[in-house]
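Chemist: Quick one: the structure is below, questions incoming.
The values are calculated or read from the model by the stated rules, or taken from the named source; none is laboratory data. Fair warning: this is a prediction, and the values are worked out from it, not measured in the lab. Backbone-built Cβ (ideal geometry, glycine too); neighbour counts: all protein chains shown. For accessibility, only protein heavy atoms count, side chains too; no ligands or nucleic acids. Shrake-Rupley method; radii C 1.70, N 1.55, O 1.52, S 1.80 Å.
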Amino acid sequence: MAKIKKGDLVQVITGAKPERGGDRGKQGKVLDVLVEQNRVIVEGVNYITKHSRVGQSQRGTKTGGIETMEAPIHISNVALVDPSTKKPTKVGHRVEEQTKDGVKRTVRVRYAKKSGKDL
């Protein structure tokens, strides 16, 4: 089961410091998970400039040029953020019994482990 999913709040834990132009310590929401490449796209992190060929649409407007967009970052370089402490944390799974419409089901639930407090 995946530890990081689309929509999670994550923090970059490796890379250059922000004063050197890096992204370490930045937090953002996961926009997409690329499972085959073990990468995630995080909102506001790892910006690149992409050059696309200038063309014309059928209405005559110009398309293309230089645009900035988020590039994928390896999944090992981000950590899930604990919603209560706003610190990066490890993720665990536990099996719970849930009753819905009179039917019992066993479900795996993600939870945030201790994030640097009370160790």
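Chemist: Might you check whether a residue that is closer than 14 Å to Leu9 by Cα, touching a Gly at 6+ places or on another chain (Cβ under 7 Å) and not hydrophobic (A, V, I, L, M, F, W, C) occurs anywhere in segment 60-76?
Modeler: First, the residues of segment 60-76 that are closer than 14 Å to Leu9 by Cα: 75.
Filter once more, so that each one left must be touching a Gly at 6+ places or on another chain (Cβ under 7 Å): none.
Within segment 60-76 (the criterion being closer than 14 Å to Leu9 by Cα, touching a Gly at 6+ places or on another chain (Cβ under 7 Å) and not hydrophobic (A, V, I, L, M, F, W, C)), the answer is no, since none of the residues qualifies.
Chemist: Restricting the search to segment 1-25, which residues are loosely packed, with under 12 Cβ neighbours inside 10 Å and touching a residue at least 60 places away in the same chain (Cβ under 8 Å)?
Modeler: Answer for segment 1-25, where residues must be loosely packed, with under 12 Cβ neighbours inside 10 Å and touching a residue at least 60 places away in the same chain (Cβ under 8 Å): just Met1.
Chemist: Here is a follow-up. Could you grab me the full set of residues in segment 56-75 that are surrounded by 10 or more Cβ atoms within 10 Å (Cβ to Cβ) and either of a type in the set (Gly, Ala, Ser) or within 23 Å of Gln27 (Cα to Cα) (or both)? Talk me through it step by step, then tell me what you get.
Modeler: Within segment 56-75, the first condition is being surrounded by 10 or more Cβ atoms within 10 Å (Cβ to Cβ), and the residues that meet it are 56, 63-65, 67, 69-75.
The answer is Gly64, Gly65, Glu67, Met69, Glu70, Ala71, Pro72, Ile73, His74, Ile75.
Chemist: Given Gly7, Gly55, which one is over 24 Å from Val109 (Cβ atoms) and of a type outside the set (D, E, K, R)?
Modeler: On the way: Gly7 fails: over 24 Å from Val109 (Cβ atoms).
Matching residue, one of Gly7, Gly55: Gly55.
Chemist: Go over the candidates Val42, Val107, Val35 one by one and state the one that is under 22 Å from the mean Cα position of the chain (by Cα) and open to solvent by less than 50 Å² (accessible area, probe 1.4 Å). Before the answer, list the steps.
Modeler: Numbers: Val107 fails: under 22 Å from the mean Cα position of the chain (by Cα); Val35 fails: open to solvent by less than 50 Å² (accessible area, probe 1.4 Å).
So the residue among Val42, Val107, Val35 that is under 22 Å from the mean Cα position of the chain (by Cα) and open to solvent by less than 50 Å² (accessible area, probe 1.4 Å) is Val42.
Chemist: Right, something else. Checking Arg105 against (1) among the charged types (D, E, K, R); (2) in contact with a Lys or Arg (Cβ under 6 Å, 6 or more places away or on another chain); (3) free of Cβ contacts under 8 Å to residues at least 12 places away in the same chain, which test does it fail?
Modeler: Arg105 satisfies all of (1) among the charged types (D, E, K, R); (2) in contact with a Lys or Arg (Cβ under 6 Å, 6 or more places away or on another chain); (3) free of Cβ contacts under 8 Å to residues at least 12 places away in the same chain except (2).
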